[in-house]
Amino acid sequence: MGSLSGSFGALVLEFIKTTFMIALPVIFIFGYAKRRTKYSLPWIIAVMLMLLFCGFYISRVLTLPERVATKSIVRDGISLVAEGKYEAAENRFKELEVKGELQEFEKRMAVLNNERNASINLDQAKQLIEKGDYAEAERILKLIPRNTRAGQAAREIKIP
């Protein structure tokens, strides 16, 4: 039930956000058109703009469930990556590929692989420190990208 209400809540929030994003310009355009002479060029342009915004709004509302589902998959996958559950995150991100969101899938998989490799390198460096191979451990720690969670942990490691 919690997942359903969370999904419904996200759907409603996205609907409200989309409605306000598109309704505000339409209100201003409507106010402009109302003050113009009917069927004049400015009035026709304003009406065309309103119709364009209405078409855009309809297309956004029709794709709303897919966008919310995609955001949910991405949010869950990012959370799993943060927990270090790389296999589960990879399976979650593969749902993006199935949905046809290839660009988002590739972007998330690149981040996932970067985090996974950094974590493996961090673990390897810790093992080398325990064995006393400080030079090799330091070399591996320098290879870890700073923009990863493992990179942040690697900066805190002090090599004797």
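Details
- For Phe56 and Tyr39, the difference between the fully extended length at 0.36 nm per residue and the C-alpha to C-alpha distance is 3.8 nm.
- Helix 86-99 axis versus longest C-alpha principal axis of the chain: approximately 30°, rounded to the nearest ten.
- Per-residue extension of 0.36 nm, minus the Cα-Cα distance of Phe15 and Lys142, leaves a gain of 41.1 nm for this segment.
- Computed helical MRE - 222 nm, the chain, DSSP H runs ≥ 4 contributing -39500 (n - 2.57), nearest 500: -29500 deg cm²/dmol
- Counted residue by residue at 0.36 nm each, then reduced by the alpha carbon distance between them, the extension gain from Glu66 to Asn91 reaches 7.2 nm.
- A Cα-only calculation for the chain places Rg and Dmax at 25.1, 85 Å.
- With Rh defined as the Kirkwood radius, the inverse of the mean 1/r over Cα pairs, the Rg/Rh of the stretch 38-104 is 1.35.
- Think of each Lys and Arg Cβ as +1 and each Asp and Glu Cβ as -1; about the Cα centre, that makes the dipole of the stretch 52-160 roughly 340 debye.
- P(r) histogram, all alpha-carbon pairs of the stretch 63-155 included - 10 Å bins from 0, percent: 17, 39, 24, 14, 5, 1
- Degrees, to the nearest 10: 41-62 long Cα axis against longest axis of the chain: 40
- Prolate/oblate/rounded label for the stretch 1-78 (Cα gyration tensor, a/c 1.5): prolate
- Loop trypsin sites (Lys or Arg not before Pro), the stretch 52-103 (other Cβ atoms within 10 Å of the site Cβ: 16 or fewer; DSSP): Lys85
Read-outs throughout are calculated quantities, based only on the coordinates presented, and are distinct from any laboratory measurement. Just so we're clear, the structure is a prediction, and the values are computed from it rather than from any experiment. Quick reminder, even Gly has a Cβ in these numbers, built from the backbone with ideal geometry, and neighbours come from all protein chains shown.
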